[in-house]
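Chemist: One structure coming up, written as structure tokens, with questions to follow.
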């Protein structure tokens, strides 16, 4: 009978789902780099421990490794210096993933760790902070980024900035005093400052981010958003070749130069530059060229709507006090909130959606005088966050009033 000495006995490590066990346990632990990387401060561990790279979780979530070997080695060195007692690492091995029956797994089917239903932390949309790393890379290259939430739209304003009560940021169309540290005000929050991007105020947004966007105008760019195959065919026949980025339904064409952002300049074609945002879908291919006159001409084409008025139209309360006689204040507030959400959720035909939403609001409350400047500002702010210019907002509002005979 073979006797196993204490020196030769197997050593078991307990998988710890929380790294703070390192400072209380008296037995060996197995801790994930993905969890440790979230800790702002590290101190010497009280037990022997081993490091798990979290590589299989990355494969299950993204179909590829997000953390590079150099980044992982740097992190492991940092852990060894601050935590100590790190005799083992689980290394990432660059070998083909093997599926059933020993056959190589297709590249579009990521490896899923055994014993997990979906892999990774489901409590956050982006637990490994890959979107933040993308944003920092963009900022380093002179492209101001911002996070997008589920639905691929900017995060909503904080309570202090809700309903435009803060006055807006200094870089908005109407400059305001807002210095909110959170990513409020959609495109206007995009920044090149890595300290802002990695600040605690932005951390919740990055943890729950579904995608990354950028402010084209802030990078000196104009993006032609082609939303379908017909629009792409039109661009190839009409516009000079430039760098292109494939999207879900069409393409983004990037040009050097800035201009006013205009939606729906023709079917399936939006222009995103100043006071707008575009979703980051990669660097694209091709040589970027200067913004052509043909694109600028699209924004200068006469429209069928009435000319913009000098000031935003206001709803004039009727004589007799102006209270809404057929709706309660709660109903009005709920209607305005639903109108804002309808505009925010628009994925295409934004200009049409804005006009129809304005029409619906005015149809319900345009004659009774219950609408205030604050309500109208909320609607205009929601529309401009989707790329609508102040002129288009004013035109849409004026046309809706005309349609209803107001």
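The values are calculated or read from the model by the stated rules, or taken from the named source; none is laboratory data. Since the structure is predicted, the reported quantities are computational estimates derived from the model, not experimental observations. When we count neighbours, we look across all protein chains shown, and the Cβ atoms used for this are built from the backbone with ideal geometry, even at glycine.
Chemist: Going by the structure shown, is residue 161 without any contact (Cβ under 8 Å) to a residue 24 or more places away in the chain, crowded, with 18+ Cβ neighbours inside 10 Å, assigned by TED's automatic domain parsing to the domain that holds residue 136 and out of contact with any helix residue (DSSP H, G or I) (no Cβ under 7 Å at 6 or more places or on another chain)? Write out each step before concluding.
Modeler: On the way: without any contact (Cβ under 8 Å) to a residue 24 or more places away in the chain: no; crowded, with 18+ Cβ neighbours inside 10 Å: yes; assigned by TED's automatic domain parsing to the domain that holds residue 136: yes; out of contact with any helix residue (DSSP H, G or I) (no Cβ under 7 Å at 6 or more places or on another chain): yes.
Taking the combined requirement at face value, the residue does not satisfy it.
Chemist: Determine, yes or no, whether residue 290 is at pLDDT 55 or above and not assigned by TED's automatic domain parsing to the domain that holds residue 398. Working first, answer last.
Modeler: Numbers: at pLDDT 55 or above: yes; not assigned by TED's automatic domain parsing to the domain that holds residue 398: yes.
So residue 290 fits the description; yes.
Chemist: With respect to the numbered conditions (1) modelled with pLDDT of 85 or more; (2) part of a helix (DSSP H, G or I), which one is the sole condition not fulfilled by residue 163?
Modeler: Here residue 163 clears every test but (1).
Chemist: Continuing with this model, one more query. Select from the stretch 185-233 the residues that are out of contact with any helix residue (DSSP H, G or I) (no Cβ under 7 Å at 6 or more places or on another chain), outside any loop (DSSP other than H, G, I, E, B) and farther than 30 Å from residue 267 by Cβ and list them in ascending order.
Modeler: Hits for the stretch 185-233 are 189, 195, 196, 203, 204, 205, 207.
Chemist: I would also like to ask the following. Let me spell it out: the conditions are (1) modelled with pLDDT under 90; (2) in contact with a helix residue (DSSP H, G or I) (Cβ under 8 Å, 6 or more places away or on another chain); (3) in a loop (DSSP other than H, G, I, E, B), and residue 85 meets all of them except one. Which number is the exception?
Modeler: (2)
Chemist: Consider residue 92 carefully, then state whether it is at pLDDT below 75, surrounded by 13 or more Cβ atoms within 10 Å (Cβ to Cβ), assigned to a loop (DSSP other than H, G, I, E, B) and not assigned by TED's automatic domain parsing to the domain that holds residue 134. It would help to see each step written out before you state the result.
Modeler: Values: at pLDDT below 75: yes; surrounded by 13 or more Cβ atoms within 10 Å (Cβ to Cβ): yes; assigned to a loop (DSSP other than H, G, I, E, B): yes; not assigned by TED's automatic domain parsing to the domain that holds residue 134: yes.
Yes: the conditions hold for residue 92.
Chemist: Just checking, how many residues over the stretch 267-290 are closer than 21 Å to residue 384 by Cβ and in a strand (DSSP E or B)?
Modeler: Number of matching residues: 9.
Chemist: Hey, among the residues in the stretch 234-256 that are assigned to a helix (DSSP H, G or I) and without any contact (Cβ under 8 Å) to a residue 12 or more places away in the chain, which one's surrounded by the most Cβ atoms within 10 Å (Cβ to Cβ)? Break it down stepwise before answering.
Modeler: Residues of the stretch 234-256 assigned to a helix (DSSP H, G or I): 234-238.
So of that shortlist, the ones also without any contact (Cβ under 8 Å) to a residue 12 or more places away in the chain come out as 236-237.
Details: 236: 13, 237: 7.
Within the stretch 234-256, the match that is surrounded by the most Cβ atoms within 10 Å (Cβ to Cβ) is 236.
Chemist: Go through the stretch 333-366 and report how many residues are assigned to a loop (DSSP other than H, G, I, E, B) and buried (at least 16 other Cβ atoms within 10 Å of the Cβ).
Modeler: First pass over the stretch 333-366, keeping only residues assigned to a loop (DSSP other than H, G, I, E, B): 345-349, 366.
Retained after the next criterion (residues that are buried (at least 16 other Cβ atoms within 10 Å of the Cβ)): 346, 349, 366.
Total meeting the criteria: 3.
Chemist: A further question on this structure: Restricting attention to the stretch 395-405, and to residues there that are touching a residue at least 40 places away in the same chain (Cβ under 8 Å) and out of contact with any helix residue (DSSP H, G or I) (no Cβ under 8 Å at 6 or more places or on another chain), which single residue is surrounded by the most Cβ atoms within 10 Å (Cβ to Cβ)?
Modeler: Pass one, the stretch 395-405, residues touching a residue at least 40 places away in the same chain (Cβ under 8 Å): 395-404.
Imposing the further condition that a residue be out of contact with any helix residue (DSSP H, G or I) (no Cβ under 8 Å at 6 or more places or on another chain) reduces the set to 395, 398, 402.
On the way: 395: 22, 398: 19, 402: 11.
Taking the candidates together, the pick is 395.
Chemist: What do you reckon, is residue 168 more than 18 Å from the chain's Cα centre (by Cα) and without any contact (Cβ under 8 Å) to a residue 12 or more places away in the chain?
Modeler: Taking the combined requirement at face value, the residue does not satisfy it.
Chemist: For the structure I just gave you, tell me whether residue 198 is farther than 25 Å from residue 150 by Cα, surrounded by fewer than 17 Cβ atoms within 10 Å (Cβ to Cβ) and in the same structural domain as residue 155 (by TED's automatic domain parsing). Even if it seems obvious, please write down each step before you answer.
Modeler: On the way: farther than 25 Å from residue 150 by Cα: no; surrounded by fewer than 17 Cβ atoms within 10 Å (Cβ to Cβ): yes; in the same structural domain as residue 155 (by TED's automatic domain parsing): yes.
Answer is no for this residue.
Chemist: Looking at the stretch 381-406 only, could you name the residues that are under 21 Å from the mean Cα position of the chain (by Cα) and within 15 Å of residue 185 (Cβ to Cβ)?
Modeler: Taking the stretch 381-406 and keeping what is under 21 Å from the mean Cα position of the chain (by Cα), we get 381-389.
Those that are under 21 Å from the mean Cα position of the chain (by Cα) and within 15 Å of residue 185 (Cβ to Cβ): 381, 382, 383, 384, 385, 386, 387, 388.
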